[in-house]
Amino acid sequence: MPLKHSFQQDRSLLTFNGGFTIFQAAERKPELLHILARSEGTLALDLSGVDEIDTAGVQLLLLLRREAAALQRAVDVVAYSPAVLAVFDLLQLHSLFFAAPPTSGAKGDA
């Protein structure tokens, strides 16, 4: 899962590509927590390039959200893939990551 990190205005943008499964989540966890600790504003996640996600990937997203809240920061999903949307539909996670639930099956901005 290649991860691209950039800064935009008052937020850090993380762009994910490829799989976000137990294998990638385990290796990316320290990197993601380090980026969160260094960021000052919102941590924006572009998940539009994620072609596969499992519960380990979801757990890492929830961990990022929890750790961000402890630092009084937010984590927002700004773009998503159909795979991510399907898992968020299944687990009813829209309210945690999106201001308003996206339309099902669409790839785009939330």
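Key figures
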| read-out | value |
| --- | --- |
| Theoretical ellipticity at 222 nm over the chain - DSSP helices of four or more residues, -39500 (n - 2.57) apiece, nearest 500 | -13000 deg cm²/dmol |
| Projected-area mean, segment 1-95, by convex hull of Cα positions, square nanometres | 5.3 |
| Span-like helix ranges in the chain, DSSP H, alpha carbon extent 18 angstrom or more, Kyte mean at least 0.5 | 55-70 |
| Modelled FRET efficiency - R0 30 Å, Gln8 with His94, Cβ distances, 0.05 increments | 0.80 |
| At 0.890 mPa s and 25 °C, Stokes D of segment 28-84 from Kirkwood alpha-carbon radius, µm² per second | 210 |
| Residues of segment 1-26 with amide N under 20 Å of a point placed 7 Å along Cα→Cβ from Glu40 | 5-14 |
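Values in this text are rule-based calculations from the coordinates and carry no lab data. Bear in mind the structure is a predicted one, so any value in this text is a computation, not a measurement. Counting neighbours? That spans all protein chains shown, and the Cβs are built from the backbone with ideal geometry, glycine included.
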